[in-house]
Amino acid sequence: MDSQCGRHLYLKENKKNMKTNLLNLTLSQLQKEVKQLGYPTYRAKQLSDWFYHKNVFSLEKMQNIPQKLKDDLQTNFVIELPKIEEVNHSSKDNSYKFLLKTHDNKLIESILMLTNNRATVCVSCMIGCPLTCKFCATGTEIGFVRKLEPSEIIGQIIVIKNYAKLNGIADKITNIVFMGMGEPFLNLDSIEKTVEILTGDYGFAMSKSRITISTAGPKNNIADFINKYKIKLAVSLHFANNELRSKYMPINKKFNLDQLLEELKKVELLKREYITIEYMLMQDINDSISHAKQLVKILSNIKAKVNLIPYNPTKNLPVKPSSEKTMNEFIQYLISKSIPVTVRRSQGSELQGACGQFALKRKV
Ligand code: SAH
């Protein structure tokens, strides 16, 4: 008991001494800090211009910032990006898998996927994941380490963008998906700031339609968030009844399928917009025609398209991918019921690219 208590105090103390990373701050937060240091707020815009438009992260190189402000910033803040630890390229599907190291020496996993003129970065929002879905390497094998800060999520994009440019892989990043390690709706504070920086004119000025957030649906904060930020939503449904979903996705016991579907009905969509329902086909678990029927039934009041995902086998987990034949039958059934269907042809699987599998090779 005593040692637990002491540990808590130590952590608090430690955090107090840590300097804030300037890349954690949205423009309005940056303006507040600059004002507090006694400078006019336009200095904040100059700083964000260096970071997000000129790709400069060293105060020394910022010619239009007065030396006194640079000194004050240096005293009170840091500007820090994750560092590249390892990169693996898959020639099969032209994806690049990155392991990045945080300031506290933890590993973040991100992927750059290159398809039809798109350069998409799949970012992690946590180190590990607290959800413990039975088919997923992250939750079952790594566990939950900690949430990532906005600077560490934005940092993944900046570091990968620079790597891609330097190596002649891509000129710019066109799309972002929050589909790496972790559950975004359990780290919403960081996600909100990240989305503000990604979409703000002072930041990356990205179109909202090029950003997708994927969730297992842990609570009732999804509709409000999507209706406010207007980015695209993908839901890791994977099961169409509560019994099965609770067995494989324990979060379903706290926020069940019926509650999740009610939440999805509240999401406001434009004429041509859909919610993407991710359904991973797992052999003899959720891949029969009766499962497909259940899926069609529960989606009847939701404007959804289904993205079928072939399961990417993970060592130590007793789940296998469905056969090609079963998969085709499942697809045909959904099509026969006029459900829009797409199939994800395992981006990154050659590299052990599914959630958490790369980081697992190295200890997080
Ligand atoms: N927590 C969020 C985002 C992380 S998981 C979510 O659940 O959506 C990203 C996606 O990868 C999810 O759809 C997840 O179910 C899927 N996934 C996990 N393990 C996988 C595997 N072995 N093969 C294929 N997809 C997997």
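Descriptive notes on the structure:
- Gln63 being in a helix (DSSP H, G or I), without any contact (Cβ under 8 Å) to a residue 60 or more places away in the chain and not assigned by TED's automatic domain parsing to the domain that holds Cys125: no
- Residue within segment 277-290 that is assigned to a strand (DSSP E or B) and surrounded by fewer than 20 Cβ atoms within 10 Å (Cβ to Cβ) present: yes
- Looking across segment 227-249, the residues that are farther than 22 Å from Val341 by Cα and either within 20 Å of the chain's Cα centre (by Cα) or surrounded by fewer than 16 Cβ atoms within 10 Å (Cβ to Cβ) (or both) come down to Asn227, Lys228, Tyr229, Lys230, Asn242, Glu243, Lys247, Met249.
- Extreme residue, nearest to the chain's Cα centre (by Cα), among residues of segment 71-102 that are touching a residue at least 60 places away in the same chain (Cβ under 8 Å) and farther than 22 Å from Met179 by Cβ: Lys83
- Check on Ala170, outside any helix (DSSP H, G or I) and at pLDDT 95 or above: yes
- Yes/no for Val56 being in a strand (DSSP E or B), surrounded by 14 or more Cβ atoms within 10 Å (Cβ to Cβ) and not basic (Lys, Arg): no
- The residue that is nearest to Lys165 (Cα to Cα), counting only those in segment 114-126 that are in a strand (DSSP E or B) and within 13 Å of the ligand (Cβ to nearest atom), is Cys122.
- Test: residue in segment 251-274 that is buried (at least 21 other Cβ atoms within 10 Å of the Cβ) and in a strand (DSSP E or B): no
- Taken together, the residues in segment 129-167 that are assigned to a loop (DSSP other than H, G, I, E, B), surrounded by fewer than 19 Cβ atoms within 10 Å (Cβ to Cβ) and within 15 Å of the ligand (Cβ to nearest atom) amount to 4.
Here is a yes/no grid of residues against (1) within 30 Å of Gly200 (Cβ to Cβ); (2) more than 22 Å from the chain's Cα centre (by Cα); (3) more than 12 Å from the ligand (Cβ to nearest atom); (4) among the aromatic types (Phe, Trp, Tyr):
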{"residue": "Lys265", "(1), (2), (3), (4)": "yes, yes, yes, no"}
{"residue": "Glu268", "(1), (2), (3), (4)": "yes, no, yes, no"}
{"residue": "Ile285", "(1), (2), (3), (4)": "no, yes, yes, no"}
{"residue": "Ile298", "(1), (2), (3), (4)": "no, yes, yes, no"}
{"residue": "Ala304", "(1), (2), (3), (4)": "yes, no, yes, no"}
{"residue": "Pro313", "(1), (2), (3), (4)": "no, no, no, no"}
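- Every listed requirement among (1) surrounded by 19 or more Cβ atoms within 10 Å (Cβ to Cβ); (2) touching a Phe, Trp or Tyr at 6+ places or on another chain (Cβ under 9 Å) is met by Lys305 save one, (1).
- Residue that is of a type in the set (S, T, N, Q), within 16 Å of the ligand (Cβ to nearest atom) and touching a residue at least 12 places away in the same chain (Cβ under 8 Å), where the choices are Ser209, Ser214: Ser214
The values are calculated or read from the model by the stated rules, or taken from the named source; none is laboratory data. No experiment lies behind these values; they were computed from the predicted model shown. Methodologically, a virtual Cβ is constructed for each residue, glycine included, from the backbone with ideal geometry; neighbour enumeration extends over all protein chains shown.
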